[in-house]
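Data first, discussion second: the structure below is written as structure tokens.
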Amino acid sequence: MTADGRHWLVYKGASFDIWQPDTGTYFASVDAAEITDHLQQKRRRAHGHAKSPFSEFDRDQVEDPSTLPCRQPRIAFRDVTNRRNTRTVIAALVPGEVVLTNKAPYLLWPSGNKRDEAYVLGVLSSMVLDWFARCEVELNLNFFVLNNFPIPDPGAGHAVRDRVAEIAGRLAAVDERYADWAAEVGVAVGSANDPAVKADLIHELDACVAHLYGLDESDIAVIYETFHEGKDYTAHHTAVLDHFRHWKQNQ
């Protein structure tokens with residue numbers, strides 16, 4: 001199953017993983033012109049309903065088919081999950097020109113910018129947030145649960161917040177499908193594709209997110225000692241602490 005100019009892939013939850021926006025497993029493909037016309041008409045109808053998330057967008061934006069979410073990279077997450085999995089919150093920045101099933105909900109952005117989007121993706125993809133999620137999630141992750149996750153936000157210009165956005169931007173922008181998005185975040189496409197670089201950035205991401213939550217070293221130890229029964233996170237924990245101490249000394 002492949003995509004071309006006339007057909008787009010339909011992603012399901014298994015189509016993406018953490019920092020892997022395309023696993024090669026898809027639900028189907030669909031005619032691009034037909035699906036964009038359908039989604040545009042659906043969005044226009046929804047705009048007039050107060051309970052619809054599209055009601056928060058300006059009318060001019062809703063009337064412009066080029067702004068359809070399916071045309072842009074966006075954060076999606078797996079609906080089907082549970083706290084016994086190796087990870088519970090499985091989110092990714094999926095590429096533009098793909099369609100998502102209802103088992104892969106996605107985030108809309110009526111305000112904010114791409115750096116804000118990268119920041120949220122970074123927090124959602126951290127083991128720190130995931131540890132909290134494992135206390136709340138049973139079998140499904142939906143918006144009723146997700147909307148109650150405590151996302152720390154010290155505001156733009158905060159050094160650690162900005163670093164989370166930069167790290168997440170680098171990890172997410174894996175190829176040229178993300179060129180425009182990466183440019184707005186201020187990162188280079190493919191800059192984290194080297195396995196060693198990627199691993200170090202993931203460690204630093206956890207350290208930065210722990211810092212933003214106001215955790216100390218004993219809190220971090222609890223996360224990695226209790227995260228998943230039978231799995232040893234000692235090496236990950238050690239690497240995270242190195243970055244955590246660096247940021248603590250420089251704040």
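One table, with the values for the structure above:
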{"item": "Accessible surface of region 1-113 [probe 1.4 Å, protein heavy atoms]: carbon and sulfur percent", "result": "47"}
{"item": "Gyration tensor (alpha-carbon) shape descriptor, region 1-69, a/c threshold 1.5", "result": "prolate"}
{"item": "Among 220-232, 91-103, the order from most to least packed when residues are scored by Cβ within 10 Å on average", "result": "91-103, 220-232"}
{"item": "Extended-chain gain in nm, criterion 0.36 nm per residue less alpha-carbon gap, T234 and F144", "result": "29.1 nm"}
{"item": "Radius ratio Rg over Rh of region 1-122, counting only Cα atoms, Kirkwood formula for Rh", "result": "0.97"}
{"item": "Region 146-250 - percent of accessible surface contributed by carbon and sulfur, probe 1.4 Å", "result": "48"}
{"item": "Gaussian network model of the chain, Cα within-10 Å springs - most flexible of G48, G122, G186", "result": "G48"}
{"item": "Spin-label pair T67/A221, simplified geometry with 7 Å Cα→Cβ offset, distance in nm", "result": "5.1"}
{"item": "From phi via Karplus (6.51, -1.76, 1.60), per-residue ³J(HN,Hα) for region 87-98 in Hz, x at Gly/Pro", "result": "10, 9, 8, 10, 10, 7, 8, 6, x, x, 6, 9"}
{"item": "Normalised convex hull volume, region 148-211, alpha-carbon set, Å³ per residue", "result": "100"}
{"item": "Length released on extending from H246 to A156, taking residue separation times 0.36 nm less the Cα-Cα span", "result": "30.3 nm"}
{"item": "The chain, relative contact order [Cα under 8 Å, separation at least 6], %", "result": "16"}
{"item": "Angle in degrees between helix 217-226 and the longest Cα principal axis of the chain, rounded to the nearest 10", "result": "70"}
{"item": "Residue-span extension gain [D175 to D116] - 0.36 nm each, minus C-alpha spacing", "result": "19.2 nm"}
{"item": "(1) 43, 37, 34; (2) 53, 38, 38; (3) 68, 39, 30, with the label sought being that of the calculated Cα extents along the principal axes in Å", "result": "(2)"}
{"item": "Probe 1.4 Å, all protein chains present, accessible-area order of F132, F244, largest first", "result": "F132, F244"}
{"item": "Euclidean distance between Cα centres, region 39-69 to region 192-249, Å", "result": "40"}
{"item": "For the chain: accessible area per residue (Å², 1.4 Å)", "result": "50"}
{"item": "Paramagnetic reach from Q20 (point 7 Å along Cα→Cβ, amide N under 18 Å) across region 91-120", "result": "91-95, 104"}
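The values are calculated or read from the model by the stated rules, or taken from the named source; none is laboratory data. Model, not experiment: these values are computed from the prediction. Neighbour counts run over all protein chains shown; Cβ positions are idealised from the backbone, glycine included. Only protein heavy atoms, including side chains, enter the accessible area calculation; ligands, DNA and RNA are left aside. Shrake-Rupley method; radii C 1.70, N 1.55, O 1.52, S 1.80 Å.
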